[in-house]
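Here's the structure, in structure tokens; my notes come after.
All of the numbers you see were taken from the coordinates with simple rules; none came from a lab. Bear in mind that the values here come from a model prediction, so they are computed numbers and not experimental data. Every residue, glycine among them, receives a Cβ derived from its backbone with ideal geometry; neighbour counts consider all protein chains shown.
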Amino acid sequence: MNPLDDLPGRLLHCADQAVALPAEQAPADLDVTTGYRLQRSNLALRLARGERFSGWKVAFAGAAAQARFGLGEPVYGGLTEAMAALPGAALDLAGLVDPRLEIEIAFIFARDLPPGDYSDEQIIQAIGGVALAFEVADCRWAGWRFEAGAFLADNAAAGRYCLSAALPFSASRHQALDYALTRDGVALGRGQTGDAADSALPITCWLVRRLLADQQAVRAGQVVLTGALLAPLAIEPGHYRFTLAGRALELDFVSREVSAKEDA
């Protein structure tokens with residue numbers, strides 16, 4: 001038996017139990033290709049127990065993050081409906097290992113993209129909706145210590161995500177938009193979307209081509225989390241509010257201590 005074969009199951013068990021796997025248990029020779037193979041096994045285990053596939057997330061969109069891990073492009077992970085949280089919900093931090101919060105633009109595909117060659121314009125035309133998104137990245141490797149292959153085997157730290165109601169997508173209306181994030185009314189960061197290579201539309205075009213090259217399906221209704229607008233933040237209990245172009249998405253996080261008292 002290949003010693004890597006049980007790694008997807010161990011990582012999924014860690015996600016279920018909200019416990020970390022020691023980083024020293026990541027095989028030293030776990031490369032990107034093997035990491036993606038193990039990621040597919042991880043997702044297959046989720047689907048086998050009844051979860052429904054819902055889309056994709058992009059990680060390491062920026063050149064600095066890629067250079068840190070010796071990569072020449074971003075990476076991706078898979079999402080399931082079991083990871084989705086409703087806007088305004090309260091997420092219990094006790095159910096997560098070591099979460100980080102990201103604010104993102106999410107796109108929703110309006111039609112399938114069968115295997116083939118697509119221009120940027122054709123890919124963008126397949127986008128039907130746009131939404132604000134919180135991604136709760138949650139690494140199962142202790143201390144967020146990993147190399148690229150181990151990160152992929154852990155499904156690119158996919159944890160939870162939350163989407164606003166979607167609006168019809170228009171490429172011309174989704175450039176240079178102001179955004180901000182607050183916790184309990186205190187500013188955590190702000191900025192403006194742009195046309196950089198790691199911004200939402202170029203990243204989505206990259207993702208579609210990479211998925212099709214990897215024999216992965218791109219289906220109508222799938223969500224794409226396009227990468228963090230701000231650096232990921234360690235999550236503290238409180239009320240988080242993400243605003244973009246006059247729209248808002250809100251989510252609460254409950255502390256482990258409060259959760260324990262409520263359960264007592």
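Per-residue 3J(HN,Hα) values for segment 154-164, derived from phi via the Karplus relation 6.51 cos²θ - 1.76 cosθ + 1.60 with θ = phi - 60°, read 8, 6, 6, 6, 4, x, 9, 8, 9, 10, 6 Hz in sequence order (x marks Gly and Pro). Of the trypsin sites (Lys or Arg not before Pro) in segment 66-115, the ones in a loop by DSSP (not H, G, I, E or B) with at most 14 other beta carbons within 10 Å are Arg111.
Segment 88-144 and segment 220-240 have Cα centres separated by 8 Å.
Loop-located GluC sites (Glu not before Pro) across segment 72-161 with a Cβ neighbour count of 16 or fewer within 10 Å are lacking, with loop assigned by DSSP. Each of the peptides 213-224, 233-244, 43-54 was scored by the mean count of other Cβ atoms within 10 Å over its residues; in descending order, highest first, they stand as 233-244, 213-224, 43-54. Report summary: the helix-based calculation at 222 nm, which adds -39500 (n - 2.57) for every DSSP H run with n ≥ 4 and divides by the residues of the chain, gives -7500 deg cm²/dmol. Residues whose amide H falls under 5 Å from that of Ala84, counting only those 5 or more places apart or on a different chain, are Tyr161, with hydrogens built in the peptide plane. If you run the Gaussian network model on the chain, springs between alpha carbon atoms under 10 Å, then out of Phe69, Phe151, Phe134 the most flexible one is Phe69. For Ile127, the residues 5 or more places off, or on other chains, whose built amide H falls under 5 Å of its own are Ala110. Is the C-alpha gyration tensor of segment 65-118 telling us rounded, prolate or oblate? Criteria: a/c under 1.5 is rounded; beyond that, a/b larger than b/c is prolate, otherwise oblate. Oblate. Across segment 51-64, computed HN-Hα scalar couplings (Karplus, 6.51 cos²θ - 1.76 cosθ + 1.60, θ = phi - 60°) run 6, 10, 5, 10, x, 9, 10, 9, 10, 6, 5, x, 4, 5 Hz from first to last residue, x flagging Gly and Pro. Normalising the average separation of contacting C-alpha pairs (under 8 angstrom, six or more residues apart) by the number of residues puts the relative contact order of segment 117-264 at 23 percent. Phi angles across segment 72-80 convert, under the Karplus curve 6.51 cos²θ - 1.76 cosθ + 1.60 with θ = phi - 60°, into 3J(HN,Hα) values of x, 7, x, 10, 9, x, x, 10, 10 Hz, Gly and Pro given as x.
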